[in-house]
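Nothing in this text is a laboratory measurement; each read-out follows from the coordinates by a stated rule. In this text the structure is predicted, and so the values were computed from the model without any measurement. Counting neighbours? That spans all protein chains shown, and the Cβs are built from the backbone with ideal geometry, glycine included.
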Amino acid sequence: MRDLLKVFLFVCYLSSPAQIAIKYVNNINAQTAREHLEYLASDELEGREAGQKGQKLAGAYLMQNFIEYGFPPVNGGYFQKFNLRVVEPGKIKISINGDTLSYFQDFLHNSDFDDSNFSNAEVVFIGYAIGADSYNEYKELDLKDKVVMFIDGEPKSKKGKYIVNKKNSHSSWENRQKKIEKIKTHGAKAIIVVNERLSFLKSSYAHSFKSSKMALATDSFGMKLPVVFISPKTADRLLTKGGCKNGLFVTKKKISKKGKPLSCDLLLKIGFHSDLINHKITSENVLGFVEGTDKKEEVVVVTAHYDHIGVHDGEVFNGADDDGSGTTALLMMAKAFSKAKEDGNGPRRSILFMPVSAEEKGLLGSRYYSENPIFNLKNTVADLNIDMIGRVDQAHHEDSVPNPNYVYIIGSDFLSTELHNINENQNKKHTQLQLDYTYNSIDDPNHYYQRSDHYNFAKHGIPVIFYFNGVHEDYHQASDTVDKIDFKKIAQISKLVYYTVWELANNENRIVVDKK
């Protein structure tokens, strides 16, 4: 009788949800990861830029895998399509008294305004635009239908002290925006901001400024009028050419003796001619749906962005780590759950495996889903998001030797203590990775919590975990290639996510949101 009891207990142990999960984990392995990633990060896919040929090919590959796994179509298909408007930042010209300023060489802009075309507008220079923020010195100036030029930041004395109240004198983005909004209320036609960091921005963020920008087609523009940035050197040239007699040269940071804001009407005529918003495109989130059993109305979402940044100057930016690695992880987990479903061991809750697009353009695919959810967000249990898990960052090298046995965990305890504990417990039971919480803060200066697709779920109060391995020297470079990927590392982290999803999908009770 005792032996029969042992056999019975052993059989029960093998049939427990935790042990059933182990039965399918071998679908997640380094060889399978390599097979997926060698295609996803191949030159054939041309860097998978949202809306372009390579992204479409990648989406078709993902869909075909989901079909092979036996996943049903969702709402009649495997794609959630969304429309994007494309901004080509270089397609703008500024002419001043017949001379043409060239984009990137002479000026930059943030691409967040609609096309604007005008000629022969007058220009007025208003120094540091102090009055545009909290002072009243400019209330008599006529800015209507003029192009207004001001210096970013606030004036300082020779001793480095702010001439105006320091509380109102930060050269911050917020303070600049206040000035822009104030100038706009005076009826300005466009704004030119003199920024002393222009050379640094051009050298450090050339790719970003030269690349096309995207927004959801329904998004409004951040600016209601053109705002461009020039260097102090260019500003001095314009001031001299325009006959400004106040003796102010921006490069020498001269200001009036009493700290009053300087202004002058420049003898210049300026024209803006832009064709920035030149076309609209579509992109797609891909839907791999595993229907649950007795708790199928509740959904666990797994995301990874499958787009990257395309081709630039003839070079393909393959994005093997960013985020071919996360997309590969998602595919392997999807197959594991499909095998479980096929054997009659499908999850109690439904699971949506969703590779999303246009992450590189501002988390647009995941935002579109969160604003147009296919499954009610109130029934969404959690989002587990995977972005860059195939490399080792510098912080995990010792004497130049990489230690791959780690993963950064971000956001796991922000909304649900229970979610955090499940992830910790699954790691202890199965994967024994070093869970690194270095960046697990909303106030982290890198803002990693806000920089990947989980954030669009967290904004709606849905618990999230962001699995991440940190940036490296090949981040957003053409050198982010398959030959540098650690496939065993991808497999090990994928297993952790898999076990955590399994628990979330099969536990008796839905995890509790116990934090704001």
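Peptide packing: for 25-38, 315-328, the average count of neighbouring Cβ atoms within 10 Å per residue gives the ranking 315-328, 25-38, highest mean first.
Other residues with beta-carbon under 15 Å from the beta-carbon of G70 carry, at +1 per Lys or Arg and -1 per Asp or Glu, a net charge of -1. Centre-to-centre, using Cα atoms only, the stretch 449-516 and the stretch 363-401 are separated by 4 Å. The GluC sites (Glu not before Pro) of the stretch 434-512 meeting both criteria, a DSSP state outside H, G, I, E and B (loop) and at most 16 other C-beta atoms within 10 angstrom of the site's C-beta, are E473, E508. Taking the Cα atoms only, what angle lies between the long axis of helix 326-342 and the longest principal axis of the chain, rounded to 10 degrees? Roughly 30 degrees, rounded to the nearest 10. Each Lys and Arg contributes +1 and each Asp and Glu -1, all at the Cβ; summed about the Cα centre of the chain, the dipole is approximately 2360 debye. Database remark: amide H of V194 closer than 5 angstrom to the amide H of F150, I151, D152, I230 (H placed geometrically; neighbours at sequence offset of 5 or more, or on other chains; Pro and chain starts carry no H).
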